[in-house]
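The values are calculated or read from the model by the stated rules, or taken from the named source; none is laboratory data. All values reported here derive from a predicted model rather than from experimental measurement. Neighbour counts run over all protein chains shown; Cβ positions are idealised from the backbone, glycine included.
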Amino acid sequence: MYNSSPPKAVESSLADIAILPIENAYTGSFHKSYDILLSHDLQIVQEVQMDVELCLLALPGVHKDDLKTIFSHPQIISKQNLRDSGVICSARAAELYGLNILECNFQDESPNVTRYLVLAKTANLPKEHDQYKTSVVFGLEEGPGALCKALGSFWKRGINLTKIESRPNRGKPMRIRGTENLGCRLFNYIFYVDFEASMTDVRAQNALKGLEEVASFLRVLGCYPCSTTTI
Ligand SMILES: *[C@@H]1O[C@H](CO)[C@@H](O)[C@H](O)[C@H]1NC(C)=O
Ligand SMILES: *[C@@H]1O[C@H](CO)[C@@H](O)[C@H](O)[C@H]1NC(C)=O
């Protein structure tokens, strides 16, 4: 176990990879994960999509009718030998904690997918023929159409965007316009964009050149394939 956070452990070579949940199809983006992408010097090397499949687990020999309480942490009922309690988690947790599965797949909606990003110290060498996504983060100068010009760089080259997210620009969270004090102040943002192209693709390289011309900063967070299997 590490004393530092998983991304820090990868940065200091204590771990090979860190896995960040980035988005759920129903609950949306994990904002803290977006901030981690910017504050650490790591590369996205893979996206993994996992279906959320919830199960009700209990100690061996316990039946549904015995249950009085339902928890969400399996350690609790296995460690304390609680025979009147169940727990909601994944089927894999049953194996890990020696519990029985009473029922599965009762989540509100299926498929309910969570996307995870795998981070490593060294970037992938993207393969030309595979389907790769690329993620970037950028800031913009002020003015009308700034975001439109930035995204237009992808549109002009026929590149599909799969996700856009804005977060506060922590380096400079507010914008001061002249000396006016109109009561309402302006907030400053940075933008995260995922697009469907590999960095080996000349269209992607040109799109980023175009984006660079209108961006106050631009960083490529990674170029990576997607898998739907478990890690
Ligand atoms: C989807 O999964 C997330 C993460 O487990 C959960 O918070 C959310 O309630 C689920 N939504 C639906 C509609 O099943
Ligand atoms: C972009 O998205 C459209 C609509 O889903 C799809 O038909 C097209 O093949 C995609 N283009 C590329 C280059 O991936």
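Just wondering, is there one or more residues in the stretch 91-114 that are polar (S, T, N, Q), away from ligand 2 (no atom under 16 Å from the Cβ), in the same structural domain as Gly28 (by TED's automatic domain parsing) and under 30 Å from Leu42 (Cβ atoms)?
For the stretch 91-114, residues polar (S, T, N, Q), away from ligand 2 (no atom under 16 Å from the Cβ), in the same structural domain as Gly28 (by TED's automatic domain parsing) and under 30 Å from Leu42 (Cβ atoms): present.
Could you check the stretch 195-208 and list, in sequence order, the residues that are free of Cβ contacts under 8 Å to residues at least 12 places away in the same chain and within 21 Å of Leu140 (Cα to Cα)?
Gln205
Scan the stretch 198-209 for residues that are at pLDDT 95 or above and surrounded by 17 or more Cβ atoms within 10 Å (Cβ to Cβ) and jot them down.
Ala204, Ala207, Leu208
I'd like to verify a number: residues in the stretch 131-155 that are within 16 Å of ligand 2 (Cβ to nearest atom) and exposed (fewer than 12 other Cβ atoms within 10 Å of the Cβ), how many?
1
Checking the structure you have, find out if any residue of the stretch 174-186 is under 24 Å from the mean Cα position of the chain (by Cα) and surrounded by fewer than 18 Cβ atoms within 10 Å (Cβ to Cβ).
Restricting attention to the stretch 174-186, the residues satisfying the condition of being under 24 Å from the mean Cα position of the chain (by Cα) are none.
No, the stretch 174-186 contains no residue that is under 24 Å from the mean Cα position of the chain (by Cα) and surrounded by fewer than 18 Cβ atoms within 10 Å (Cβ to Cβ).
Just name the residue that is farthest from Ala58 (Cα to Cα) out of those in the stretch 104-126 that are exposed (fewer than 12 other Cβ atoms within 10 Å of the Cβ) and of a type in the set (D, E, K, R).
Checking each candidate, the answer is Glu109.
Would you confirm whether any residue within the stretch 141-160 is part of a strand (DSSP E or B) and not small (Gly, Ala, Ser)? Let's see the steps before the verdict.
Of all residues in the stretch 141-160, those part of a strand (DSSP E or B) come to none.
Scanning the stretch 141-160 turns up no residue that is part of a strand (DSSP E or B) and not small (Gly, Ala, Ser).
Can you list the strands (runs of 3 or more DSSP E) lying wholly within the stretch 10-81 that have 1 or more residues being of a type in the set (A, V, I, L, M, F, W, C) and either free of Cβ contacts under 8 Å to residues at least 40 places away in the same chain or over 30 Å from Thr162 (Cα atoms) (or both)? Working first, answer last.
Working: elements: 18-24, 43-51, 55-58, 69-71.
In the stretch 10-81, the matching strands (runs of 3 or more DSSP E) lie at 55-58, 69-71.
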